[in-house]
Amino acid sequence: MNNHWNQIIYKCWSPFYDQIFNSGPFLRARRKVFSEIQFTKGDKILFVGVGTGVDLLLVPHEKLDITAIDYSQDMLTKAVEKFPNTDTIQFLRMDAQSISFPDETYDYVIASLILSVVPNYQEAYKEMIRVTKANGKIIIFDKFIRKGQTVSIIQKIMKPIVKVLGTDIGIPFEEFERTDVEKIKDEELLFNGMYRGIHLQKLKSSDRG
């Protein structure tokens, strides 16, 4: 995968993305991800890879200071159309692998179905942590395999096909382990744990091992 190919793929996805990923089991999983988050009025939130904006509908956006970024202009346009009269959300075209904001800017960084899409998921993850405030939260909804998990024959067959369609189904989240964040929740949400909701907290420098 590369950014140019992703632009093409998500231009094709954008007209009907909501019909698949904002309905049925995907919508239920997304709702569960956000159900226990206690946002405070005025919290600064960054949505990384906001897509068509379906997650924005699940948070009290009118009370929050939200920045929503995506590399695909077509997906971003769909998100903007959902919020024509809001001044609490700033929409920007931006690469998740190179986020143009200062260190420790956001109280929450939220990433749905983006780490399995970007060409360099480690770099995107590093950037997400960088812009999160100390003690801030990083919320991830994505597909991962468990460390040491045996990949089925069907998954092996499907992986190259699915990758062409703009995503990866073979990333273990355990590859993301770092000393500057602490995992506070890891919940299996969909398709026998293939999709997980992961909540992390960025540690203060004095608390890091």
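For residues in region 182-209 being small (Gly, Ala, Ser) and modelled with pLDDT under 90, which is surrounded by the most Cβ atoms within 10 Å (Cβ to Cβ)? Spell out the reasoning first.
Filtering region 182-209 for residues small (Gly, Ala, Ser) gives 193, 197, 205-206, 209.
Imposing the further condition that a residue be modelled with pLDDT under 90 reduces the set to 193, 205-206, 209.
Working: GLY193: 15, SER205: 7, SER206: 6, GLY209: 6.
Filtering region 182-209 for residues that are small (Gly, Ala, Ser) and modelled with pLDDT under 90, the one surrounded by the most Cβ atoms within 10 Å (Cβ to Cβ) comes out as GLY193.
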Failed item in (1) closer than 25 Å to ILE171 by Cβ; (2) at pLDDT 95 or above, with ASP74 passing the rest: (2)
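Filter region 1-43 down to the residues that are of a type in the set (Val, Ile, Thr), at pLDDT 90 or above and part of a helix (DSSP H, G or I) and list them by number.
The answer is VAL33, and nothing else.
I'd like the full set of residues that are more than 20 Å from LYS133 (Cα to Cα) and in a loop (DSSP other than H, G, I, E, B), limited to region 173-209. Before you say what the answer is, go through the steps one by one.
Initially, region 173-209 is screened for residues more than 20 Å from LYS133 (Cα to Cα), giving 173-175, 186-197.
Selection gives PHE191, ASN192, GLY193, MET194.
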Residues of region 53-94 satisfying the condition of being of a type in the set (D, E, K, R) and either surrounded by fewer than 17 Cβ atoms within 10 Å (Cβ to Cβ) or within 20 Å of ILE8 (Cα to Cα) (or both): GLU62, LYS63, ASP65, ASP70, ASP74, LYS78, GLU81, LYS82, ASP87, ARG93
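Which ones in region 23-40 are surrounded by 14 or more Cβ atoms within 10 Å (Cβ to Cβ) and touching a Leu at 6+ places or on another chain (Cβ under 8 Å)?
Here is the first cut: in region 23-40, the residues surrounded by 14 or more Cβ atoms within 10 Å (Cβ to Cβ) are 26-27, 29-30, 32-34, 37, 39.
PHE26, ALA29, ARG30, LYS32, VAL33, PHE34, PHE39, listed by residue number.
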Residue in region 103-110 that is in contact with a helix residue (DSSP H, G or I) (Cβ under 6 Å, 6 or more places away or on another chain), surrounded by fewer than 20 Cβ atoms within 10 Å (Cβ to Cβ), touching a residue at least 24 places away in the same chain (Cβ under 8 Å) and closer than 14 Å to LYS202 by Cβ present: yes
Selection from region 73-91 of residues that are among the basic types (Lys, Arg) and either in contact (Cβ under 8 Å) with a residue 40 or more places away in the chain or not in a helix (DSSP H, G or I) (or both): LYS78
So ASP142, is it of a type outside the set (A, V, I, L, M, F, W, C), outside any loop (DSSP other than H, G, I, E, B), under 17 Å from the mean Cα position of the chain (by Cα) and under 21 Å from PHE16 (Cα atoms): yes
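The values are calculated or read from the model by the stated rules, or taken from the named source; none is laboratory data. Here the structure is a predicted model, which is why all the values come from computation and not from measurement. So basically every Cβ, Gly included, is an ideal-geometry build from the backbone, and we count neighbours across all protein chains shown.
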